[in-house]
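Here's the structure we're looking at; comments come further down.
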Amino acid sequence: MAIVLALAVSVVGVTVFGRAIAAIVGVVRLGRPVAGLRSTAPAERWKHLLAESLGHTRMLQWTKIGIAHWFVFVGFGALFFTLITAYGQLFDQRFALPLIGHWVVYEWVSELIAWVMVVSILFLMIIRFALRNRGRQSRFFGSRTWQAVYVELTILAIGLCVIALRGLEYRLLGAETSVVHFPLTFWLLPADLSASALETAIVVIAALKIIISMAWMITIGLNTTMGVAWHRFTAWPNIWFKRESSGKPALGALQPIMVDGKPLDFEQLEELDEDAPLGVSKIEDFTWKGLLDFTSCTECGRCQSQCPAWHTEKPLSPKLLIMGLREHAYAKAPYLQAAEAARETLPAELRNEAARPLVGPIQVTDGLAGIVDPDVLWSCTSCGACVQQCPVDIEHVDHIMDLRRYQVMMEEEFPAELNGLFKGLESKGNPWNQSPRKRMDWAKDLDFEVPVVGNDVEDLTGVEYLFWVGCAGAYEDRAIKTTRAVAELLQLAGVSYAVLGNGETCTGDPARRAGNEFVFQQLALENAATLTEAKASKVITTCAHCLNTLKNEYPQVAPDGPVRELEVVHHTQLLNRLVREGKLTPVAPPEGSVAGRTITYHDPCYLGRHNEIYEAPRELLDAIPGSTVAEMPRNKQRSFCCGAGGARMWMEETIGTRINANRTDEAVATLAATNGVDHGGRGAIATGCPFCRVMLTDGLAAKQADQSAPESIEVLDVAQLLLESVKRP
């Protein structure tokens, strides 16, 4: 009976599992093409696939959980051979794998993996249940618990079956074997069991192991959106086809709008088919990689646990967004796969699912609910924490920005505050809507002349650096102080530089992150032409957003020009090099300046996660004598956003608590815990981005107004802190 049941379930399991694979492939193929962009440098892709999967490099960001998951992962693959053994044991209870047989190394490894896998899955189950009652604070909030628990119980049961079978084999073989072959299971069972009882037990447990395994295959075969199980198979291609063949996560440059698998050429916009989507309006507008992303989500919630929007009571959870898109993709797939003439005859539920708007209110009284609520879409700061954390390389930010693009460019549906942003960028070339003629006002009253390209120098041929001031650096009062500090430091170090003056315009970052690719392209093409004419080769900038756009995105706009070869550096990188070379010398500053001050550093998202610049600003702060540097709990890769990215700088924050207030609380608490800043000591929150400085200054001002932060704390750029301590001639 056990044999018949095990074999029958196996036939059903393999059949259902095979049909599910075909169904998943069919859904992924509904996506738009991405041409050859996902298959470049195959050797590099294989290397990073093996590193991320076998080495668990992304999982080990959570060390204990990553180690436990690695043993479960290895056990899932390695113990497949024990499933084959189980089939053989149904008919011959002394069965051993051909060639391998009773090779002692294989038997030791099998037992060790089984035991460690059991311990590891129990640890992971304890973690899950320990977090289950924490509400939104749990990374598993919104995940489908029954699916995860079912998978974990399956793994636990299989591990226990393997251990039990090994114990039974030892007693059955008796004098034919030795303890050496059963190092971790020889002690499990008493020695006085009869051979017939042992054989019966082996058949029953082998059949049970097979049935459990096949029941798992049937269950996930009937639930193609069960990412907690399917990621064991889909994660491999999803990692291999990741955006960057270098192995980096999908951060930095935003992907261009793709049409028929190629980047859209805006100069040929009028030649486009009128049905060609600019962005994503329907689930089938996502690329096949996007649909593979949705399929691969494990619902682990690492993205959710790091998301600044979710942490401040906003409706955006990167995990829940991806899960919702996955559910809709698989629910709509039969409609898309049906012949057009047959679609009207499909069930009403299926036709209604197909008709749901991709972006629209999810709570409606009339009409069909949307898949992505507008508040979810516009809560994103594009900080990249979700992408950086995801163990299967889902590209959340690209998907969100594609949704925004369609809403802005095709539907003209976006927060009202962005009208002012777009108007300022189009008419004045800056988001503050200030006169372009005022771009050099920041340099007034300096003790030295700031050379301007076209006025003081013809071009940058004989100049080492173009100093890209940026809109904030030219117009925003707090950022102007940073610009002036950097100019003074470059002057002190004898660095040859010039600025574009009124010839500079916004890089277009706010427009692009807001979804307005038209305005971004307009600004980027204008700047690319200016940079080419000025013969720029090296650029220094104080703005993390300008850095990212010039360095990573302008090569998309001008792929064949000199802009592609630009060397773009952040001011903290150049200043750090100048300090190391002895061209700038920090000394113990006088009392009332940096002396005795405690400093905590905030990593700007577009400097840190998006461009992996973490050490230069820290080394600069460490080089300042007489100060103490304290790290916030959330730092470097896990730094918390200031709330300004993704064009959120120009949108009101009306849902939940303010992101900048959350980060400011952490900074103030860090300073208070170091050198008693809360008892009169002087402190500074340092950063390296004007957007961050504005947000943190506003957050600190609010805290100081309600007397929850001491007046002795201020927000400063790293360059200002360096200038306070640098040795003058």
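The values are calculated or read from the model by the stated rules, or taken from the named source; none is laboratory data. This structure is a prediction, so every number in the text was calculated from the model and none was measured. Here the Cβ is made from the backbone with ideal geometry for all residues, glycine too, and neighbour counts use every protein chain on show. Please note that ligands, DNA and RNA were not included when accessible areas were found on the heavy atoms of the full protein model with its side chains. Shrake-Rupley method; radii C 1.70, N 1.55, O 1.52, S 1.80 Å.
Overview of values
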read-out	value
Inter-label distance, nm, simple model (7 Å from Cα along the C-beta direction), F80/T585	6.5 nm
Built amide H within the under 5 Å cut-off of V372, gap 5+	V359, G360
1.4 Å probe accessible area per residue over region 355-422, in Å²	35 Å²
Dipole of region 385-461, positive direction: furthest Cα of V453, C390, S427, with charges on the beta-carbon	S427
Cα-based shape type of region 336-470, given that a ≥ b ≥ c are square roots of the gyration tensor eigenvalues and the cut on a/c is 1.5	prolate
Given K262/K428; K538/K583; K262/K282; K314/K481; K47/K289, the pairs whose alpha carbons are separated by over 26 Å	K262/K428; K314/K481
Which labelled figure in (i) 40; (ii) 12; (iii) 28 is percent of Cα pairs over 48 Å apart, once derived from the coordinates	(iii)
Ranked order, D698, D717 - accessible area, probe 1.4 Å, largest first	D698, D717
Carbon and sulfur %, accessible surface of region 438-550 computed with the full protein complex present, 1.4 Å	43 percent
Total formal charge among the other residues, if their Cβ is under 10 angstrom from that of Q434, Lys/Arg +1 and Asp/Glu -1	+2
Shape call, region 612-657: gyration tensor on alpha carbons, a/c limit 1.5	prolate
Efficiency of FRET between A51 and D375 - r from beta-carbon atoms, R0 41 angstrom, step 0.05	0.60
FRET efficiency estimate (nearest 0.05) - Cβ-Cβ, R29 to A191, R0 51 angstrom	0.30
Those aspartates and glutamates that a straight Cα-Cα span of less than 17 Å connects to K248, excepting residues fewer than 8 apart in one chain	E44, E52, D293, D393, E395, D398, E553, E612
Carbon + sulfur, % of accessible area of region 5-83 - ligands and nucleic acids excluded, 1.4 Å	78 percent
Solvent-accessible ranking of M117, M410, largest area first, probe 1.4 Å	M410, M117
Cα shape, region 1-123, gyration tensor, a/c 1.5 rule	oblate
Estimated dipole of the chain in Debye, rounded to 20 [Cβ of Lys and Arg +1, of Asp and Glu -1, Cα centre]	1960 debye
Protection proxy ranking, peptides 362-368, 403-409, 488-494, 379-385, average beta carbon neighbours within 10 Å, highest first	379-385, 403-409, 488-494, 362-368
Exposure ranking of K314, K727 by accessible area [1.4 Å probe, largest first]	K727, K314
Label-point separation, T40 to E714 (7 Å along Cα→Cβ), nm	4.6 nm
The chain: DSSP helices with Cα axial extent of at least 24 Å and average Kyte-Doolittle hydropathy no lower than -0.5	2-28, 104-131, 145-173, 195-222, 318-337, 477-493, 517-534
Cβ-based net charge around I65, under 14 Å, with every Lys or Arg adding one and every Asp or Glu removing one	+4
Heavy-atom accessible surface of region 100-245: percent carbon and sulfur, 1.4 Å	72 percent
Disulfide-incompatible cysteines by the Cβ rule (no partner under 4.7 Å) in the chain	C161, C297, C300, C307, C380, C390, C471, C506
